[in-house]
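Read through the structure below, which is laid out as structure tokens, and then see the notes.
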Amino acid sequence: MDNVFNINFKKLAIEWMPTFFRNSFWIAFVCVLIIPLETLYIEFLKSRKQNLIRINTTCQKFSMQKRLNDLFDPLERRIEIVKAVLFEGTFLYTEAEDDQWRSKTQWLYIDSFPIYLYTEAELISEFDFIVKVPAGLNELQLRAEIEYYMLQSKNYRLEII
């Protein structure tokens, strides 16, 4: 598929010239005329490469994290996307709330796996994910890139490490 976009304009222009015009003067003249076309072609290839990158990057965590690291921290790859809620909640039910078809009752005394109780404030966050970034990056460009790829219903927070 990439061979479709490999075009040598100088060779093509010389091959399309009539044979009686193929001397050094006319070849140089045609090469000067196609310089703007080659410039447009190079700009097209750059734009195509950026568009392919944008198409292949999704709003999923690993894809966004790879794109951000490729763009802003390609050597050390320190940018990380983590969940904003750090604790998983354990729901406690009374006997009256227990379902008659499926029991919700759990044992609270498991020696190897203690169950911790958290407040509602510890379990709920106003952010869906946190982007951990190293200091010294351009925050405006970073935010623009994140907001381009993330879902509009999600909220995030930048955390500088």
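Residue check: is ASN3 modelled with pLDDT under 90 and either among the acidic types (Asp, Glu) or assigned to a helix (DSSP H, G or I) (or both)? Can you show your working first?
Values: modelled with pLDDT under 90: yes; either among the acidic types (Asp, Glu) or assigned to a helix (DSSP H, G or I) (or both): yes.
Against the criterion (modelled with pLDDT under 90 and either among the acidic types (Asp, Glu) or assigned to a helix (DSSP H, G or I) (or both)), ASN3 qualifies.
Residues CYS31, CYS59: which one is over 29 Å from LYS154 (Cβ atoms) and either modelled with pLDDT of 95 or more or surrounded by 10 or more Cβ atoms within 10 Å (Cβ to Cβ) (or both)?
Values: CYS59 fails: over 29 Å from LYS154 (Cβ atoms).
When all the criteria are applied, what remains is CYS31.
Does ILE42 fit the bill of being among the β-branched types (Val, Ile, Thr) and within 30 Å of TYR156 (Cβ to Cβ)?
Details: among the β-branched types (Val, Ile, Thr): yes; within 30 Å of TYR156 (Cβ to Cβ): no.
No: the conditions fail for ILE42.
I'd like the full set of residues that are over 19 Å from TYR149 (Cα atoms), assigned to a helix (DSSP H, G or I) and in contact (Cβ under 8 Å) with a residue 40 or more places away in the chain, limited to the range 40-90.
LEU45
Give the range 137-161 a look and list any residue that's in contact with a strand residue (DSSP E or B) (Cβ under 6 Å, 6 or more places away or on another chain) and either among the acidic types (Asp, Glu) or not assigned by TED's automatic domain parsing to the domain that holds ILE124 (or both), or say none.
Result: GLU159, single match.
Of the residues in the range 129-153, how many are farther than 13 Å from ILE81 by Cα and not in a helix (DSSP H, G or I)?
7
Can you name the condition, by its number, that GLU95 falls short on among (1) modelled with pLDDT of 90 or more; (2) charged (D, E, K, R); (3) exposed (fewer than 10 other Cβ atoms within 10 Å of the Cβ)?
(1)
Mind checking which residues of the range 34-51 are farther than 29 Å from ARG67 by Cβ and surrounded by 10 or more Cβ atoms within 10 Å (Cβ to Cβ)? It would help to see each step written out before you state the result.
Taking the range 34-51 first, the residues farther than 29 Å from ARG67 by Cβ are 34-38.
ILE34, ILE35, LEU37, GLU38 - these are the residues of the range 34-51 that are farther than 29 Å from ARG67 by Cβ and surrounded by 10 or more Cβ atoms within 10 Å (Cβ to Cβ).
The values are calculated or read from the model by the stated rules, or taken from the named source; none is laboratory data. The shown structure was predicted, so the numbers you read here are calculated from the model rather than taken from an experiment. Neighbour counts run over all protein chains shown; Cβ positions are idealised from the backbone, glycine included.
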